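The values are calculated or read from the model by the stated rules, or taken from the named source; none is laboratory data. In this text the structure is predicted, and so the values were computed from the model without any measurement. So basically every Cβ, Gly included, is an ideal-geometry build from the backbone, and we count neighbours across all protein chains shown.
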Amino acid sequence: MTNPPLSLWKFPQQVLSGRGALQQLPSALHKLGIKKVLVVTDPGLVKTGLAGRLCDLLMAAGCEFRLFDGVVPEPPLSCLSEAVTFGAESGGVDSVIGLGGGSAMDVAKLAALLLGQGGDVRDYVGVDATPGRGLPSILISTTAGTGSEVTPVAIVTDVENQLKIGVVDKNILPDLALVDPALTDSCPPAVTAATGIDALTHAIEAYISRKTNPLSQALSLQAAGLLYRSLRTAFRDGKNQAARDDLAMGATLAGMAFGNSSCCAVHALSYPLGGRYHLPHGLANALLLTATMRFNAPACSKAFASLAAAMGVPAEGFLEALDGLCRDLEIPTSLKALGVERNAIRAMAKDAMGIDRLMDPNPRTLSEADAEGIYLSVF
């Protein structure tokens, strides 16, 4: 019998989850010895008041803070540079808190790394390329989708080359991930849909990846069930707390799953859409999910049956269930309608094929022509 491959499982030092978890932040700050914080967030969360709530908690804990609210979707390298410069001014900070969706949390991860280790983020692109941990960090998710609060992955956009670049390293995992479903209650339906499908994509790809393992598969199945059964309800009734709670837990479990396995071709194909056309990451994944799984189907019949069972749908109806869910969530079905040009597809396929860390684990090998075909199937 062949021994299973070795697995190195990577998680944050602590995860605090559940409604009201945010209120435990002052206690966590004291335990971590944090005194002077760089808060990384976006203008929308300042407008809604969530950033203000966080700042009130920091003041209650006796912490100084600097608020950087310049994060934008699909953050460019310049956004990260601005955050690091802001954090280093006036004597610097001793820690970083990321508040928001994947964009804010990814910028926070990398800002903590660069403020602690120095250098340029390009020095650390790839897998396990950092020299050590950065400043202590806390990540607080406000969308149920990316799972970034529990993953060793951070993505930013190289605008000049129209590419997304990633740092994948256990050293960027936070000291504390804080998952409070109440922070997602105000997410509008379109955001709920796109981020929810992003999370479901994480669960599916972590399960079928060539790098999968028993831990990731167990997390994936639990996440897929929570996400599939709750997405429609949360989309239609954002105030349904039970659905929001399920989505938040499902997204976090899915993040843990792919953080210890891998995402695959859906993510590789989505990155050029973000790099070239600035399509939100979750929306790009949602557009490509069913088409890519249809391509993968010949290599995934048993895996799809297991995922279908976890989702509560017939084994032979897995792809139809994904299609139906995206339709019910009003996910756009056409790249063309979102401004993507047909003559860009060949270049996007080439770019996607160059993302080895995502293409190599895909359960069925793609050619560049296959990648083009998937794009064209949703054009």
Exercise for the section: Check segment 47-67 and report whether any residue there is assigned by TED's automatic domain parsing to the domain that holds P26 and within 23 Å of Y277 (Cα to Cα). Expected result: no
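I'd like to verify a number: residues in segment 270-288 that are part of a helix (DSSP H, G or I) and more than 15 Å from the chain's Cα centre (by Cα), how many?
First, pick out the residues of segment 270-288 that are part of a helix (DSSP H, G or I): 270-277, 281-288.
With more than 15 Å from the chain's Cα centre (by Cα) added as a condition, the list becomes 272-273, 275-277, 287-288.
Final tally of qualifying residues: 7.
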Practice task
State whether one or more residues within segment 33-45 are under 19 Å from D180 (Cα atoms), in contact with a Leu (Cβ under 7 Å, 6 or more places away or on another chain) and at pLDDT below 95.
Solution key: no
Exercise for the section: Check segment 184-204 and report whether any residue there is crowded, with 24+ Cβ neighbours inside 10 Å and part of a loop (DSSP other than H, G, I, E, B). Expected result: no
Handout entry: helices (runs of 4 or more DSSP H) wholly inside segment 42-158 that include at least 3 residues being crowded, with 24+ Cβ neighbours inside 10 Å and in contact with a Ser or Thr (Cβ under 6 Å, 6 or more places away or on another chain)
Key = 102-117
Exercise for the section: Could you tell me which of the residues A111, A104 is more than 17 Å from V179 (Cβ to Cβ) and either out of contact with any helix residue (DSSP H, G or I) (no Cβ under 6 Å at 6 or more places or on another chain) or at pLDDT 95 or above (or both)? Expected result: A111
Practice task
Would you mention how many residues in segment 13-60 are farther than 26 Å from P188 by Cα, polar (S, T, N, Q) and free of Cβ contacts under 8 Å to residues at least 40 places away in the same chain?
Solution key: 1
Handout entry: Those residues of segment 312-329 which are in contact with a Phe, Trp or Tyr (Cβ under 8 Å, 6 or more places away or on another chain) and not aliphatic (A, V, I, L, M), in sequence order
Key = G312, F318, D328
Handout entry: Residue satisfying condition, being modelled with pLDDT of 95 or more and touching a Leu at 6+ places or on another chain (Cβ under 6 Å), within set L269, L376
Key = L269
Practice task
Report whether or not G98 is free of Cβ contacts under 8 Å to residues at least 12 places away in the same chain and either assigned by TED's automatic domain parsing to the domain that holds E64 or of a type in the set (K, R) (or both).
Solution key: no
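With the structure loaded, tell me whether D180 is buried (at least 21 other Cβ atoms within 10 Å of the Cβ), touching a residue at least 60 places away in the same chain (Cβ under 8 Å) and over 17 Å from S17 (Cβ atoms) or whether it fails that test.
Working: buried (at least 21 other Cβ atoms within 10 Å of the Cβ): yes; touching a residue at least 60 places away in the same chain (Cβ under 8 Å): yes; over 17 Å from S17 (Cβ atoms): no.
Taking the combined requirement at face value, the residue does not satisfy it.
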Exercise for the section: Considering (1) in contact (Cβ under 8 Å) with a residue 12 or more places away in the chain; (2) in a helix (DSSP H, G or I); (3) not hydrophobic (A, V, I, L, M, F, W, C), say which one K10 fails and leave the rest. Expected result: (2)
Exercise for the section: Considering only residues that are touching a Pro at 6+ places or on another chain (Cβ under 9 Å) and not charged (D, E, K, R), look in segment 174-193 and name the one that is nearest to L139 (Cα to Cα). Expected result: A177
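Within segment 212-263, work out how many residues are in a loop (DSSP other than H, G, I, E, B) and touching a Phe, Trp or Tyr at 6+ places or on another chain (Cβ under 9 Å).
Of segment 212-263, the ones in a loop (DSSP other than H, G, I, E, B) are 212-213, 237-240, 260-263.
If we keep only those that are touching a Phe, Trp or Tyr at 6+ places or on another chain (Cβ under 9 Å) as well, we get 213, 260-261.
Selection size over segment 212-263: 3.
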Handout entry: segment 192-219 residues that are more than 18 Å from D360 (Cα to Cα), paired with ones that are surrounded by fewer than 24 Cβ atoms within 10 Å (Cβ to Cβ) and among the β-branched types (V, I, T) (beta carbon under 7 Å, 6 or more apart)
Key = A193/I331; I197/I331
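Within segment 238-270, take every residue that is charged (D, E, K, R) and touching a helix residue (DSSP H, G or I) at 6+ places or on another chain (Cβ under 7 Å) and give me the one that is surrounded by the most Cβ atoms within 10 Å (Cβ to Cβ).
Of segment 238-270, the ones charged (D, E, K, R) are 239, 244-246.
After this cut, where a residue has to be touching a helix residue (DSSP H, G or I) at 6+ places or on another chain (Cβ under 7 Å) as well, the list is 244-246.
On the way: R244: 25, D245: 22, D246: 23.
Only one residue fits best here, namely R244.
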Practice task
Name every residue in segment 328-354 that is modelled with pLDDT under 95 and in contact with a Ser or Thr (Cβ under 9 Å, 6 or more places away or on another chain), in order of residue number.
Solution key: V340
Exercise for the section: Take R357 and decide whether it is modelled with pLDDT under 95, closer than 18 Å to T201 by Cα and of a type in the set (D, E, K, R). Expected result: yes
Handout entry: Scan of segment 3-17 for residues that are loosely packed, with under 14 Cβ neighbours inside 10 Å and either under 23 Å from L135 (Cβ atoms) or modelled with pLDDT of 95 or more (or both), ordered by number
Key = Q13
